[in-house]
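Here the structure is laid out as structure tokens; the discussion comes afterwards.
The values are calculated or read from the model by the stated rules, or taken from the named source; none is laboratory data. All values derive from a computational prediction rather than experimental measurement. Counting neighbours? That spans all protein chains shown, and the Cβs are built from the backbone with ideal geometry, glycine included. Protein only, heavy atoms only, side chains kept; ligands, DNA and RNA dropped before computing areas. Shrake-Rupley method; radii C 1.70, N 1.55, O 1.52, S 1.80 Å.
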Amino acid sequence: MPRVITNNGCQIGYDEAGSGDADPIVFLHGVGSDKSVWRPQLGYFGRTRRAIAFDYPGYGDSDPAPKGTTRDDYASAIISGMHELGVDRAHVCGLSLGGVIAIALNHADPKRCASLILSDTFAVHPDGEAIYERGVAGSNDLRGMAEARIDMLLGEPSDPAVRSEVVETMARIDPAAYCIGLEAVWLADQRDRAAAIRVPTLVMCGTEDKVAPPALAQQLAHLVPGAQLHLIAGSGHISNLERAGEFNEVVDGFIRDLG
């Protein structure tokens, strides 16, 4: 049975592993994915602390997102989910759209963030509007879009198992939810919010990321006071799957001394 929590009559899907006294870690997925993308991280971090991956409204096991849902609504849903699970404070790790939502979550409730890990993401994307329009145009065939874009998403040579997982996950997303997610990520401009972050922050990016390239990670790290930057050699846009071992070790090293 799927794990869900109910807040204000709406269900939010989540997966969870681990326990302990250390601050939990919360994982936020990308626009073409769902909570299942974080399985390698739940298994790793669940050995030492509570690890939780959420679905956004409309994704995975969550209820459909109402028309007009925004990135701030996503952030609010995650905050509510954390509250329902008894998580007052956590390290918040987001990839791509997840990084955008992590910044929005910190803006809404900074005391809830022990740290931020922002991977393969940005404060603003220079080609965001064009990417958004292409995504909306192709949203009626998400399997076809995934198959057409897989080489853009992943570094080469890519793992066939990762390729298959990325395509299958994207293919099962509801097109209406996908369009809401597209707007939330590609039309974001959170430069002011990024500059206002005051928690320890790690910015990560695959060196072969063609979607949110290292230059945007460098710009984001420059915006966030005191942010650390780590580039993952050979990885594309989905670094937590493509280079799970390095991703986990770098994040673990970053948060270990923070709590």
For this session: Decide, for the range 181-259, between rounded, prolate and oblate: order the square roots of the alpha carbon gyration tensor eigenvalues as a ≥ b ≥ c, take rounded if a/c falls under 1.5, and otherwise choose prolate if a/b is larger than b/c, else oblate.
Result: oblate
Exercise. Heavy-atom accessible area of T207 with all protein chains present, probe 1.4 Å, nearest 10 Å²?
Worked result: 50 Å²
Seminar exercise, completed: With +1 at each Lys and Arg Cβ and -1 at each Asp and Glu Cβ, the charge dipole magnitude of the range 115-259 around its Cα centre, to the nearest 20 debye, comes out at 340 debye
For this session: Just grab the label-to-label distance for A148 and T70, each label 7 Å out from Cα along the Cβ direction, in nm (one decimal).
Result: 3.1 nm
Problem set entry | Solvent-accessible area of M152 with every protein chain in place, 1.4 Å probe, in Å² to the nearest 10 | 90 Å²
For this session: Report the antiparallel proportion of the DSSP beta bridges in the range 1-67 as a percent, rounded to a multiple of 5.
Result: 65 percent
Seminar exercise, completed: Counting only protein heavy atoms with a 1.4 Å probe and every protein chain in place, the carbon and sulfur fraction of the accessible surface of the range 129-233 in whole percent equals 52 percent
Seminar exercise, completed: Sorting E246, E156 on solvent-accessible surface, 1.4 Å probe, most exposed first, gives E156, E246
Exercise. Restricting to the chain, what percent of DSSP beta bridges are antiparallel, rounded to 5?
Worked result: 30 percent
For this session: Report the antiparallel proportion of the DSSP beta bridges in the range 1-142 as a percent, rounded to a multiple of 5.
Result: 35 percent
Exercise. Which one of S235, Y59, A108 has its Cα pushed farthest toward the positive end of the charge dipole of the chain, where Lys and Arg give +1 and Asp and Glu give -1 at the Cβ?
Worked result: A108
Exercise. Does a label point 7 Å from the Cα of A196, set along Cα-to-beta-carbon, have any residues of the range 56-79 with amide nitrogen under 14 Å, and which are they?
Worked result: 72
Exercise. If K67, K35, K111, K210 are ordered by their accessible area, calculated over protein heavy atoms with a 1.4 Å probe, which sequence runs from highest to lowest?
Worked result: K67, K111, K210, K35
Exercise. Which residues does a label at A130 reach in the range 167-189, if reach means a backbone N under 16 Å from a point 7 Å past the Cα toward the Cβ?
Worked result: 186-187
Exercise. Among rounded, prolate and oblate, which fits the range 1-148 when a ≥ b ≥ c are the square roots of the eigenvalues of its C-alpha gyration tensor, a/c under 1.5 means rounded, and a/b larger than b/c means prolate?
Worked result: prolate
Problem set entry | Value in Å of the Kirkwood radius, where the chain supplies the Cα pairs that are averaged | 17.8 Å
For this session: Could you size up the charge dipole of the chain around its Cα centre, putting +1 on the beta carbon of Lys and Arg and -1 on that of Asp and Glu, and report it in debye to the nearest 20?
Result: 480 debye
Problem set entry | Ranked by how many other beta carbons lie within 10 Å on average, peptides 12-23, 48-59 from highest | 48-59, 12-23
For this session: Report the local net charge at L229: Lys and Arg +1, Asp and Glu -1, summed over other residues whose C-beta lies under 15 Å from its C-beta.
Result: -3
For this session: Please work out the average accessible area per residue across the range 169-249, using the 1.4 Å probe convention, and give it in Å².
Result: 40 Å²
Seminar exercise, completed: The aspartates and glutamates whose Cα lies under 12 Å from the Cα of K35, excluding any fewer than 8 residues away in the same chain, are D15, E16, D55, D61
Seminar exercise, completed: When the charge dipole of the range 206-259 is computed with +1 at the Cβ of Lys and Arg and -1 at the Cβ of Asp and Glu, the Cα pointing farthest to the positive end, of G206, L220, G245, is that of L220
Problem set entry | Sequence of V199, V92 when ordered by accessible area, the most exposed leading, probe 1.4 angstrom | V199, V92
Exercise. Near R256, within a Cβ-to-Cβ distance under 12 Å, what is the net charge of the other residues, with Lys and Arg +1 and Asp and Glu -1?
Worked result: -3
For this session: Indicate the gyration tensor shape class of the range 158-203 (rounded, prolate or oblate), computed on the Cα atoms with a ≥ b ≥ c the square roots of the eigenvalues: a/c under 1.5 is rounded; otherwise a/b larger than b/c is prolate and the rest oblate.
Result: oblate
